[in-house]
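Encoded as structure tokens, the structure appears first; notes follow it.
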Amino acid sequence: MNDLELLRKYEPIVRLTQGETFFPSGVDEYVKDCSLWMTDPDGQDQMLVGHGQLDVGRLAVAAETHYGSTLYLRFGEEPLHGIEYQRWRRDPRRPRCEATGRLARVPVAFRIFSLVSNLSLLVRGQGPGGYAAAADLKARAMYERDPRRVYFGRVVRSGGWIALQYIFFYAMNNWRSGFYGVNDHEADWEQVFVFLFQVEGSEPEPRWAAYASHDFKGDDLRRRWDDPLLVREGDHPVVFTGAGSHASYFEQGEYVTGAEPEVLKPVKVALIALRRFWSETLGMGSDAEPVQDARAMLTVPFIDYGRGDGPSIGPGQEEEWSPEVISDKVGWVHSYRGLWGLDTHDPIGGERAPAGPKYERDGSVRQSWYDPIGWAGLDKVFPPHGLPEEVS
């Protein structure tokens, strides 16, 4: 089986939440709708390529020409204001998510923390008001030109493991403005993995699935292929996608996730030190409790709606995938280390656009790209063919 055949055999089924307006798409039309910008050493932004003049080929060339500079794309030219914004809000074509406001579902103390977090956006740098609305209108036109639902597929082989990487691109993350979430930012890259294991002379067999979800990594991301809580349709794992955030979940539902306000980090450090003194020096409680307790006390809860009651994409669904296989040989994947949307210069990073499938915002290579086995925590799991010897 070649790489594309392997990817198609196990490709996921993605179930979105009702009210979602951004869908997994290709990048060609998106890039054509963008302008390319550079932040110079003095922190000033300057446009390198205007809207309608860019494509993925030119993007790769520009990235090599300005290597070492901070580059970013800009999808929205101007946010919607006034009458245009109100017209967009009342548009009957726009799907809605019926949900109780998040603050009605969390304690009063967390409502205060949330207010502080929102007020901090005024000085941190954020996606301007009406930006998500403008992005929605542009994305609708983009989907009309290219209606395909795309995943970018990649196959990595290491030590008997075969990692099938499925990467999804969304033109916008509108979690904050659309679904009471933490942040908004242009562009969103998400991913899921299916891990096969192949013993020499035999066919590869699926062993694990791993879904990217916010800042989780390692053991928290994966489930065994035979786990009854891993929803599958045949050989196709089902992914329940968070509304606006596009985080991936194994089960259908509404998830409480947390954000740690930057201003409270010194308090967290002090609490961890105090709790460690209590547990390690005085011998009270476990070593793991200090960090867990401090995070629980200072984390502001948010709701991520992974209801799976919206459009469904994948084998046997109303919409099928149009896969694109990528690798280091693809120009825009390898050469462009910049951001894929507006750079708000948010020092916390929540409102800044992400970098691409290969890179972090600082230009370093993502662990999920160069070491997917370690990213999912499988480097400490005995290879299936060696497990009987270890337990005997």
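Here, each number is a calculation from the coordinates, and none is a lab measurement. Bear in mind the structure is a predicted one, so any value in this text is a computation, not a measurement. Don't worry about glycine lacking a Cβ; one is built from the backbone with ideal geometry, like all the others, and counts go over all protein chains shown.
Here's how it looks for Val325: its modeled amide H is under 5 Å from those of Gly153, which are all 5 or more places away or on a different chain. With R₀ set to 22 Å, the beta-carbon distance separating Asp371 from Gln252 gives a calculated FRET efficiency near 0.10. Once you divide the Cα radius of gyration of the range 124-218 by 2.2 N^0.38 Å, the number left is 1.45.
Using DSSP to call loops (not H, G, I, E or B), can you name the GluC sites (Glu not before Pro) in the range 129-192 whose Cβ has at most 15 other Cβ atoms within 10 angstrom? Sparse-neighbourhood loop GluC sites (Glu not before Pro): none present.
Pairs from the table (Lys32/Lys329; Lys9/Lys32; Lys9/Lys329; Lys138/Lys329; Lys9/Lys138) lying more than 27 angstrom apart at Cα are Lys9/Lys32; Lys138/Lys329; Lys9/Lys138. One chain, two ends: Glu5 and Arg96. Fully extended at 0.36 nm per residue, the span grows by 29.1 nm beyond their Cα-Cα distance.
The alpha carbon convex hull volume per residue for the range 188-234 rounds to 111 Å³.
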